[in-house]
Amino acid sequence: MVNLCTDAGHGGTDSGAAWGGVLEKDMNREYTLQLNEELKRRGYRVLTTRKADFSVPPLRTRCQLVNEHHRQESPGFDAVVSIHCNVAAAEDQATGQLRVYPNRRGFYAIYSEESSKSTALASAIANACKDAGIVLSHGGMLSTVKLGRTLAWIHRTTPPSTLLELGYMTNPEDLELLQQESYRSTLITAIADGIAKYLRI
Ligand SMILES: [Zn+2]
């Protein structure tokens, strides 16, 4: 039996990004719940960090919970997938104002170069998204080395893991697509296809 863990980023008092009247935590949860259904339909066992809108521990503690579960389960999680949405906005050092980059768009999977399994997982998902015609950012995958920072989810989780940035909420096309049911189905099918391909390696 394949054991998977999914994580809907943020939750409760932690909204994550907020843009165009949409809260990232809500989008993450919608996608995660639908991804869970798709993965279960394919015969996998799925555990998820949050199904409702409640506050969950910060990433480090979340990872410890996942690792604890991974240790106790036999044979543990085959893969862990965390769902997030992105914004391209940064504070201008000189003026202190928020600068937005609305042209940045697309999907990518973040992974650790140190883990060949995590790299293979991210690569399989990125390729499946490319095949499905999803617009990609960074060629579909980005290592935490290139990202320029470590992410607890990826560096502290024992099983192979990837963090998916589904799209940029600051890009009008991405934001609209992310809210469309047909796009959601396409993206979720592609993510599940990628996970399936990874499991066959
Ligand atoms: Zn996020």
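By how many nm would the segment from residue 185 to residue 60 grow when fully extended, if each residue of separation counts as 0.36 nm and the alpha-carbon distance is taken off?
42.0 nm
When the chain is treated as a GNM, springs tying every alpha-carbon pair under 10 Å, which of 168, 31, 183 comes out with the largest mean-square fluctuation?
Answer for the Gaussian network model of the chain: 183.
Sort 15, 137 so the one with the fewest other Cβ atoms within 10 Å of its own Cβ comes first.
So the ranking, lowest neighbour count to highest, is 15, 137.
How do 115, 161 line up, fewest other C-beta atoms within 10 Å first? Don't skip to the answer; put the middle values down first.
On the way: 115 19, 161 28.
Arranged by neighbour count, lowest to highest, 115, 161 become 115, 161.
Where both residues lie in region 3-200, what percent of DSSP beta bridges are antiparallel, nearest 5?
Approximately 30 percent, going by the DSSP bridge assignments.
What ranking of 129, 63 emerges when the number of other C-beta atoms within 10 Å of each C-beta is taken as an exposure proxy, fewest first?
Lowest count first: 63, 129.
Tell me the net charge near residue 119. Cut-off is 14 Å between Cβ atoms, residue 119 excluded, with +1 for each Lys or Arg and -1 for each Asp or Glu. The partial results should precede the final answer.
Details: positive: 117, 146, 197; negative: 113, 114.
The answer is +1.
Between residue 72 and residue 2, what is the FRET efficiency for a Förster distance of 22 Å, r being their Cβ-Cβ separation, to the nearest 0.05?
Step by step, r from the Cβ atoms, then E = 0.80.
Comparing 169, 141, 27, which has the greatest mean-square fluctuation in the GNM of the chain with Cα pairs linked when under 10 Å apart?
Evaluated over the chain, the most mobile residue of the options is 27.
Taking GluC sites (Glu not before Pro) that fall in a DSSP loop and have at most 16 other Cβ atoms within 10 Å as cut points, what is the longest piece of the chain between them?
Segment 115-201 is the longest.
Running a GNM on the chain with Cα contacts under 10 Å, which residue among 17, 132, 89 ends up with the highest mean-square fluctuation?
89
Mind listing the long-range amide H neighbours of residue 141? Cut-off is under 5 Å, sequence gap 5 or more, other chains count too, H placed in the peptide plane at 1.01 Å from N.
109
Values in this text are rule-based calculations from the coordinates and carry no lab data. Every value quoted in this text rests on a predicted model; they were computed, and no experiment measured them. All Cβ positions, glycine included, derive from the backbone under ideal geometry; neighbour counts span all protein chains shown.
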